[in-house]
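A.B. asks: Quick one: the structure is below, and I'll ask about it shortly.
The values are calculated or read from the model by the stated rules, or taken from the named source; none is laboratory data. Here the structure is a predicted model, which means the values were calculated and not measured. Glycine gets a Cβ as well: all are built from the backbone with ideal geometry, and neighbour counts include every protein chain shown.
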Amino acid sequence: MPTVTPALASIIFVAGVFAGGLGGLLGLGGGIFLVPFLNLALGLPFPAAAAISLTTVIATSSSVSAARSKNQVINLRLGMLLEVATAAGSLLGGVTAQLVATTTLQRLFGLAVTAVALMTMARLNRRNVILDPTMDTGLLGGRFFENESRAVVSYRIKRLPLALVASFIAGNLSSLLGIGGGIIKVPVLNAWCGMPLRAAAATSAFMIGVTATAGAVIYYGHGQLVPVLAAAAVLGVQLGSWGGLHFGVHAPVKWLKVLMAFVLLVVAVMMFIKAR
Amino acid sequence: MTTDVARLERFVGLSLRIGVTTSSAALALGLVLAIFGDDVAAAALLNAGVLILLLTPVARVLISIIEYARERDWMFVALTCVVLVELMASAVAALIFNRQVK
């Protein structure tokens with residue numbers, strides 16, 4: 001563990017701004033960039049890096065969901081149902097994180113990040129089907145105003161068990177690796193469970209506050225969360241994601257995704273080398 | 001039904017906004033005090049900030065339980081109660097497996 005100095009806190013603040021900004025542009029939390037930076041570049045122990053990242057996930061989830069809570073794009077019922085699975089996964093992950101070796105966690109992070117990179121490349125041009133606005137949405141479906149099509153769109157939830165399994169795995173990886181886990185839930189909810197991308201992303205972002213809390217509490221109780229570094233990271237990520245969301249409208253998202261996939265593959269290689 | 005959904009959304013949004021604003025303020029003030037060397041006050045504020053941050057989703061779950069109970073939606077009262085129990089269990093797990101930083 002490096003000594004906590006104002007310089008270290010400043011570096012983490014700036015790293016948070018970048019991670020949050022890039023995350024905001026790409027619709028991610030930013031933990032996937034923050035954890036490897038803290039662990040590999042700054043030499044923080046993996047659990048300390050994951051714990052700091054989880055606090056930024058909670059902050060991002062809370063502020064983003066508060067801002068979105070008026071326009072019904074968050075599916076509250078589905079979110080609260082899936083939270084049962086995601087919090088269980090997170091609880092289990094937080095406990096196992098204390099029992100497995102750091103090298104195992106680093107290898108797992110490397111694998112997860114490789115999967116995300118490949119998925120990002122595969123989904124570069126993915127678009128969504130818009131459904132009939134008058135249809136019956138069922139118990140868990142939803143309806144919201146979509147800006148792109150300038151209309152109210154509605155959807156039904158398909159394959160709920162699959163959504164529950166994906167949420168459990170996402171929760172598990174979230175507390176083990178210090179990421180939000182939206183990277184697993186959003187593609188599953190979108191591609192197989194019938195949710196429009198915006199609703200899937202908003203509902204996932206809403207859920208990860210609870211997911212990350214279940215994990216972060218365990219790290220905090222173990223004394224692995226350094227409050228002053230968490231403060232620097234949380235404030236940095238808040239600033240960065242605000243910037244990313246506000247200036248990201250005209251950003252060339254496709255090339256950002258290619259860049260992100262490349263960065264993630266480099267991170268994966270570094271994690272594997274470190275874990276040897 | 002629609003008005004109830006809007007009411008739940010409003011309360012959830014409000015609780016999240018209050019939580020994230022107060023915790024960010026405490027963390028920012030704590031960070032400033034830490035830089036200027038007032039370690040005791042800084043530590044208190046930083047820990048308070050982290051705790052408020054961790055309690056924000058818990059508060060949001062509690063509010064959801066109350067609102068679903070008001071709507072007599074017992075299925076969702078039960079589901080959100082399970083989430084609350086899981087959050088409590090992680091706090092218990094943190095205390096049971098208490099170990100120091102390696």
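A.B. asks: Quick one: count up the residues across the range B:25-71 that are surrounded by fewer than 21 Cβ atoms within 10 Å (Cβ to Cβ) and of a type in the set (Gly, Ala, Ser).
C.D. replies: Residues flagged as surrounded by fewer than 21 Cβ atoms within 10 Å (Cβ to Cβ) and of a type in the set (Gly, Ala, Ser) within the range B:25-71 amount to 9.
A.B. asks: Which ranges mark the helices (runs of 4 or more DSSP H) fully within the range A:174-276 that have 1 or more residues being closer than 23 Å to residue B:12 by Cα and touching a Phe, Trp or Tyr at 6+ places or on another chain (Cβ under 7 Å)?
C.D. replies: Details: elements: A:182-191, A:197-221, A:227-247, A:253-275.
Result: A:197-221, A:227-247.
A.B. asks: Which is modelled with pLDDT of 95 or more and crowded, with 16+ Cβ neighbours inside 10 Å, of B:77, B:12?
C.D. replies: Of the residues listed, the single one that is modelled with pLDDT of 95 or more and crowded, with 16+ Cβ neighbours inside 10 Å is B:77.
A.B. asks: Also: Here is a check on your reading of the model: is residue A:185 in contact with a Ser or Thr (Cβ under 9 Å, 6 or more places away or on another chain), of a type in the set (D, E, K, R) and surrounded by 19 or more Cβ atoms within 10 Å (Cβ to Cβ)?
C.D. replies: Here the answer is yes, as residue A:185 does meet what is asked.
A.B. asks: State yes or no: is residue A:162 in a helix (DSSP H, G or I), in contact (Cβ under 8 Å) with a residue 60 or more places away in the chain and over 12 Å from the mean Cα position of the chain (by Cα)?
C.D. replies: No, not satisfied.
A.B. asks: Helices (runs of 4 or more DSSP H) wholly in the range A:1-113 with at least 1 residues that are farther than 23 Å from residue A:166 by Cβ and either under 14 Å from the mean Cα position of the chain (by Cα) or more than 9 Å from every other protein chain (Cβ to nearest Cβ) (or both) - which ones?
C.D. replies: Ranges flagged: A:6-26, A:31-36, A:46-68.
A.B. asks: In the range B:12-25, how many are more than 9 Å from every other protein chain (Cβ to nearest Cβ) and not small (Gly, Ala, Ser)?
C.D. replies: Looking only at the range B:12-25, we keep the residues that are more than 9 Å from every other protein chain (Cβ to nearest Cβ), and these are B:22, B:25.
Now narrow it down to the ones that are not small (Gly, Ala, Ser): B:22.
So the answer is 1.
A.B. asks: If I filter the range A:157-171 for residues that are within 30 Å of residue B:49 (Cβ to Cβ) and either more than 14 Å from chain B (Cβ to nearest Cβ) or among the hydroxyl-bearing types (Ser, Thr, Tyr) (or both), do I get at least one hit?
C.D. replies: There is at least one residue in the range A:157-171 that is within 30 Å of residue B:49 (Cβ to Cβ) and either more than 14 Å from chain B (Cβ to nearest Cβ) or among the hydroxyl-bearing types (Ser, Thr, Tyr) (or both).
A.B. asks: Among B:89, B:69, B:34, B:28, which is at the interface with another protein chain (Cβ under 7 Å from one of its Cβ atoms), small (Gly, Ala, Ser), in contact with a helix residue (DSSP H, G or I) (Cβ under 9 Å, 6 or more places away or on another chain) and over 27 Å from residue A:8 (Cα atoms)?
C.D. replies: On the way: B:69 fails: at the interface with another protein chain (Cβ under 7 Å from one of its Cβ atoms); B:34 fails: over 27 Å from residue A:8 (Cα atoms); B:28 fails: over 27 Å from residue A:8 (Cα atoms).
Result: B:89 is the single residue among B:89, B:69, B:34, B:28 that is at the interface with another protein chain (Cβ under 7 Å from one of its Cβ atoms), small (Gly, Ala, Ser), in contact with a helix residue (DSSP H, G or I) (Cβ under 9 Å, 6 or more places away or on another chain) and over 27 Å from residue A:8 (Cα atoms).
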